[in-house]
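Written out below as structure tokens is the structure these notes cover.
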């Protein structure tokens, strides 16, 4: 997995450790990194501003984030901009680097205003603040973990009501760098320039809604420092697609690319079965077998003639048990649950699926109704006292819950899961892979954490989850490991939705449209 972790995303502790190693063990002076950080932010501001027209205010805290802000203001001032610096907080609590930056700024003739003294702070009135066209947010950095109150809260409220363009330094003040939580109030940035690596708080909700455009600036952290910390979270971008996609051999046949058995579709739900099966084919599976309710026997072959269809019936399920278990044993991969329903027969089917796949080590993707059935099987969980329960399934199992389904699995409130998604998707008793579906889908096998950056609200429609489960199954059948298959499927799934909305609206996409877009985005050059 480490070879694929190119676009790493650090949490607060990881980012601070990269900083510490760079400064205290490798020996790069803190002021050198601060100057590089300031130059990167100043460069971004200069790209989208005019020194003749724009007036800039740097609102700074007393820590090193504030030191960045003072340095940015100085660089822009030297470049001919009209720049003011406002320091919020007690001057006696300034960090050493912040004190040095203030001294440098004053020595070249810059005026430093403070928000907690009458002179010269009395000139900083709300009316005069309205003259600024760009405001630099350098109040708090990645170390903030408590709720913002008092004077800081008032200033951030003013900044959010300002008509100025807001540029955040490293992270918008008030956003938790690890979880993306809003700590009481947060700066609503138009652009965030973050240093070294992206931060979880910038890409997870709700923090990503405050970050605006995210620019990851290289300020000179040594590769060795990042490698030693090895941030747990990562993402993909389209440049990696040619490496990520399974390779197709010139001399091959359908058996080369595996057989997916899709166990899906109740008497009223033939669509889920179709979408999952078609998606498995779309991503390259060699053969798809479908096991569905008897009532779907006529319609599925007309929609997907490439698939082999077998059926089960609630009335004759016991007699069909051996046939079903034989099909499970002969498949490369199982996808179970889409549209399966909540009947007693569906429950028994899922019990057989889990028993056989766990015993015979067959990769299995459990989705939708399959997850709800699993939630009732107590023996696949370990009780965790007042903290709900932990999933106890082996590494060849992939679960694809949305937040409500995850709530049923681990017996926690949806709000608790939503506010700490990274923690929730990573906690388990064993090594199964969990795809926690949301506006920002996360995938974890307990060791690594993938944060998906593709997709849009067009996916908020029936059938899109069925497509995803089939895509995961199809990639598994071609030999990818569970974490690889799950992350690549989520990435491609989002890319397909992004491809659709480039010239069409987010409201109009159907799951069938998503199937059509898969073939477009699976070109490595797309």
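Brief remarks follow.
- Subset tally (residues that are surrounded by fewer than 22 Cβ atoms within 10 Å (Cβ to Cβ) and in contact with a strand residue (DSSP E or B) (Cβ under 9 Å, 6 or more places away or on another chain)) for region 394-408: 4
One line per residue, one yes/no per condition, for (1) surrounded by fewer than 22 Cβ atoms within 10 Å (Cβ to Cβ); (2) in contact with a helix residue (DSSP H, G or I) (Cβ under 8 Å, 6 or more places away or on another chain); (3) part of a loop (DSSP other than H, G, I, E, B):
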| site | (1), (2), (3) |
| --- | --- |
| 135 | no, yes, no |
| 143 | yes, yes, yes |
| 167 | no, yes, no |
| 178 | no, yes, yes |
| 187 | no, yes, yes |
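- Listed here are the helices (runs of 4 or more DSSP H) enclosed by region 237-311 that have at least 1 residues being closer than 28 Å to residue 342 by Cβ and in contact (Cβ under 8 Å) with a residue 40 or more places away in the chain: 270-282.
- Of the criteria (1) farther than 23 Å from residue 441 by Cα; (2) surrounded by fewer than 21 Cβ atoms within 10 Å (Cβ to Cβ); (3) touching a helix residue (DSSP H, G or I) at 6+ places or on another chain (Cβ under 7 Å); (4) in the same structural domain as residue 22 (by TED's automatic domain parsing), which one residue 218 fails: (3)
- Among the candidates 427, 351, 383, the residue that is out of contact with any strand residue (DSSP E or B) (no Cβ under 8 Å at 6 or more places or on another chain) and in the same structural domain as residue 477 (by TED's automatic domain parsing) is uniquely 351.
- Every residue from region 22-74 that is outside any helix (DSSP H, G or I) and without any contact (Cβ under 8 Å) to a residue 12 or more places away in the chain: 27, 29, 50, 52
- From the list 96, 68, the one residue that fits, being touching a strand residue (DSSP E or B) at 6+ places or on another chain (Cβ under 9 Å) and either surrounded by 19 or more Cβ atoms within 10 Å (Cβ to Cβ) or under 20 Å from residue 111 (Cα atoms) (or both), is 68.
- Scanning region 381-406 for residues that are assigned to a strand (DSSP E or B) and within 23 Å of the chain's Cα centre (by Cα) yields 390, 391, 397, 398, 399, 402.
- Residues of region 358-376 satisfying the condition of being surrounded by fewer than 24 Cβ atoms within 10 Å (Cβ to Cβ) and in contact with a strand residue (DSSP E or B) (Cβ under 8 Å, 6 or more places away or on another chain): 358, 362, 371
- Residue within region 95-108 that is within 27 Å of residue 150 (Cα to Cα), modelled with pLDDT of 95 or more and assigned to a loop (DSSP other than H, G, I, E, B) present: yes
- Here the condition is being touching a helix residue (DSSP H, G or I) at 6+ places or on another chain (Cβ under 7 Å), in a helix (DSSP H, G or I) and over 22 Å from residue 240 (Cβ atoms); of 515, 492, 488, it holds for 515 alone.
- Yes/no for residue 182 being closer than 14 Å to residue 58 by Cα, in contact with a helix residue (DSSP H, G or I) (Cβ under 9 Å, 6 or more places away or on another chain) and in the same structural domain as residue 49 (by TED's automatic domain parsing): no
- Among the candidates 80, 89, residue that is assigned by TED's automatic domain parsing to the domain that holds residue 218, on the phi > 0 side of the Ramachandran plot and either touching a strand residue (DSSP E or B) at 6+ places or on another chain (Cβ under 6 Å) or modelled with pLDDT of 95 or more (or both): 80
- Taken over region 341-367, the criterion of being assigned to a loop (DSSP other than H, G, I, E, B), closer than 24 Å to residue 316 by Cα and in contact (Cβ under 8 Å) with a residue 60 or more places away in the chain is satisfied by 341, 343.
- Among (1) outside any helix (DSSP H, G or I); (2) crowded, with 21+ Cβ neighbours inside 10 Å; (3) out of contact with any helix residue (DSSP H, G or I) (no Cβ under 7 Å at 6 or more places or on another chain), the one test that residue 450 misses: (3)
- Some residue of region 195-209 being within 21 Å of the chain's Cα centre (by Cα), assigned to a helix (DSSP H, G or I) and not assigned by TED's automatic domain parsing to the domain that holds residue 154: no
The values are calculated or read from the model by the stated rules, or taken from the named source; none is laboratory data. Only a predicted model underlies this, so the values are computations on that prediction, with no experimental measurement involved. Cβ: placed from backbone, ideal geometry, glycine included. Neighbour counts: every protein chain shown.
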